[in-house]
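First the structure, in the form of C-alpha cells, and then the observations on it.
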Amino acid sequence: MFGIRFGSLALLLTGLCSIALLMSMDLLLTQQRVNADRDALASLLSREAVTITELTEMFPVQYYRIESPNSEIIEQHGIFRVNQHWLGAVLPAEKFQISVALPGRQIEMGLDLDHYLAQSDIIRYGLLGTLVILFFLSLWLSLAADRRIWRQRNLLIFAIERLPSLTLPNALNATRGPFKPLAKAIIETREQLKLQSVEDRQAKEEHEQRARIDPITQLANRAAFNQDMENGLKGGVAHGQLVMLRSCALEEINQRMGKQAGDIYLATIAANLQRLANDQKHASLYRYSSSDFLLRLPDVKPEELVPLLEPIGKQLKEIAEREGVTSAGYIGTVPYTVNSRLSQLLIQLDTGVSVAQSQAPNSFFCMTEATMSLNLDRDRWERVIDDVLENGRVEFTYQPVFETHSKSVIYDELFVRFHNEQGQPLPTETLFAAAASYGKTVDLDKLIFNMLTREINRDDDPARCFGVNLANRSLNEPSFLLWLEQRLRNSPNLKGRLILEVSEHAIETGPESMRRWIGTLHKLGVRIAIEHFGQGLTSFRSLHALRPDFVKLTSHFTKGIDNNSNNRFFIKMLIDIAVRLEIKVIATHVEKTEEKTTLEALRLDGLQGHLLAATKPLTEETA
C-alpha cells in the first residue's frame, strides 16, 4: 500500500516539476522575445528609419513620449499602466521600457507586457489542466489501491482466523502486491500444520501404546489393565479369576544388590507368570505397580486355581533361594463376575495378598465369595502389629554413606526389618500401611526409636553415627514430636551421633512446624537429612527455610548420570546453593562405576549404594 501511494505521489510531483519547468521555459522565451523587440525598436529609433506611428503598428507599444532637451513634452501617446496579467509580477517593468536620445529630442517607449504574456496563456492553461488531471488521477489510483489493499487485508485476517481449522479461502492464492509474501507464508504454515497434525496424531498413538507398556518387563501396565477390565466387564464376560502377585523382596534386593538386580528379579517373576498366562485361553498379564503383577484368567473356576498357582509358588521359592531372601512374593486371588466393581476387586486382592503375607513365605491365598466378606486382613494384621509392639520384634540392617574422596564413613543409614513370632520377616511397607489404618504408626516409630537407642548404646565407637528414617505420619503428629524431643533431652549420649532422615513429603505437609521442630533438634545435637530430594516442587525453597545438614538425592538423579546432562546441571546448581548454606549433598543408589566416576567429578560430599557397600545386619556389628 505504501508503494502504490508513493508511486501516485511521485507521479504528481513529477507533473508539478514538469509544469514548473515548462512555465519557466515559457517565461524565458517571453523574456527573449521582449529583448529582441526592444533591440529592434531601439535600432529603428536611432536610425530614424521609420516614423513613430509606423513603430506603434509594428510593435505592441503601450505608450511613448517625446521630450525636448529642456524636458518639454513635444508629443505623447498612451500612458504607463501596471501589467494586469497574473504573471506580470515575475518580469521587471524596466525590461519593457526603451529610452533613445536623438538630436533635439528624447524618445521614451514602453512595450505592452500583457500582450507578450497573453500569447502563451493557452499553453499555460493547458499545463495547469494537465496538472489538475494528474492530481485527480493520483487520487484515484491511491483510493483504488486502498480498496484493493483493504480487501486483501481482510482476506488475510480471515485466513489467519481460519488457520487453526487448516481450511483457507481459495482467493488467498490470487493475492498480489505487498501482501503476497504474507499470503504465501500463511499457505506454507497451513501445510506445515497439516504435516504436524499428522505427526502429532501418529506420536499420540505411539505414546498411548507406550503408555500401556511397562518398560522393565514389557508387560501391559495399570492403564491397560483398567481399560481391559472395564471393557471386559461391559462386554459381558461371565466369570473369571484375578490373581495378584506382590514381589515383596523388591525393596530389599534394590538396597542390598542394586536396582539392576531388582529389575532382573522382576523380569524373572514376569517370565514365570507369562508362561502361565500363555497356557490359559484369553489370559492377560499386567504389571500393575512397582511390585504388583495382575493376571486376568477369564472362564477359570475357583477350584482350578490351586493347580495353577502351586507351580508359581515353587518358582517363587526358587527365586527366593537364588536371591537370598526369605520370600520372593505373595499371591492373592479373587473371583469376578460381570456385576463386579473393579475398585472392590482390587481391595479384595490386596486383602488376599495381606493374608498370604501373614502365612508362610511364597504362599498364596484364594479369596472366595464367602471369605471376601469376612475382612480377614484387618483382623490378622492387627494381631501381627500388636505382637510386634508387645515383643519388640524389630531388627536393623545398615548401609554406610561414604565421603566422596576420603572414603571415610559419614554415617550408617539404618533400615528397619520386622518379623513375626515364628521369626519370619514381615514386609515393612505393608506393616506400616496396616498400622496406619489402626492409628498405630506412632507406636511403631516409638518402638523403632527405643530399639535404635539401645543399639547406639551398645555400640562402643562414640564417633560412629547412625541415620534412621521416620514415617511421614509420625513426623506430622505433634504428640510424637514432643515425645521424641523429651527422649532426646533424656539421652545425651545420642548428641552428635543421630541423623534423622525426613522425606520431602513430610516437609511439604507441614513446613512451618517442621522448620521449628528441626531448629529444636539442631539445638539437641541431632542432625537432619532430607531424603528423596528432587521429587518435590519446593526443594530449593525448603533448603533455605530448614537448613538441613544433609540432602540425599533421589535415585532418579543417580541412575545414568554419566549420560544425562540435565541431571548433571541440576546437581551442579544444587551444590552451588548447598555450599553457601553449608549443606552436604549425598547421592544414593550408586550401582555403576561410570556413575560413581561422574558423581565424584561433580564434587558431591557423599556417595551411597550397592557399588560401594551392601547392606549388613546391625546385630553383627554391635554384638
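The values are calculated or read from the model by the stated rules, or taken from the named source; none is laboratory data. Note that this is a predicted model, so its numbers are computed, not measured. Cβ placement follows ideal geometry from the backbone for every residue including glycine, while neighbour counts extend to all protein chains displayed. Side chains included, ligands, DNA and RNA excluded: accessible areas come from the protein's heavy atoms. Shrake-Rupley method; radii C 1.70, N 1.55, O 1.52, S 1.80 Å.
Assorted remarks:
- A Förster radius of 41 Å combined with the Cβ-Cβ distance from E310 to A613 puts the calculated FRET efficiency at roughly 0.60.
- About its Cα centre, the dipole of region 495-623 is roughly 440 debye, where the only charges are +1 on Lys and Arg Cβ and -1 on Asp and Glu Cβ.
- When you filter the GluC sites (Glu not before Pro) in region 561-623 for DSSP loop state and at most 14 other Cβ atoms inside 10 Å of their Cβ, you are left with E582.
- C-alpha center-to-center spacing [region 434-500, region 527-602] in angstrom: 25
- Of the trypsin sites (Lys or Arg not before Pro) found in region 464-510, those that fall in a DSSP loop while having at most 15 other beta-carbon atoms within 10 Å are R464, K495.
- Segment N564..F136, full-extension length gain: 146.9 nm, with 0.36 nm per residue of separation and the alpha-carbon distance subtracted.
- Taking packing as the residue-averaged number of other Cβ atoms within 10 angstrom, the listed peptides 304-312, 168-176, 328-336 run from highest to lowest as 328-336, 304-312, 168-176.
- Note on region 286-327: the C-alpha convex hull projects to 3.8 nm² when averaged across all orientations.
- Listed pairs K552/K592; K523/K552; K281/K314; K259/K616 exceeding 20 Å between Cα atoms: K523/K552; K281/K314
- Point-to-point label distance, K495-E191, nm (Cα→Cβ direction, 7 Å offset): 8.0
- At R0 = 60 Å, FRET efficiency that the Cβ-Cβ distance of D200 and R33 yields, to 0.05: 0.10
- Separation of alpha-carbon centers, region 313-335 and region 163-203, rounded to whole Å: 61
- Residue-normalised accessible area of region 512-623, given per residue in Å² at a 1.4 Å probe: 50
- Taking all protein chains together, R190, R153, R516 sort by accessible area into R516, R153, R190, largest first [probe 1.4 Å].
- In this calculation the C-beta distance from A436 to F158 is compared with R0 = 56 Å, giving a FRET efficiency of 0.35.
- With the simple model of a label 7 Å out from the Cα in the direction of the Cβ, A174 to E321 spans 8.7 nm.
- Local electrostatic count at F466 - Lys and Arg +1, Asp and Glu -1, tallied over other residues with Cβ under 10 Å: -2
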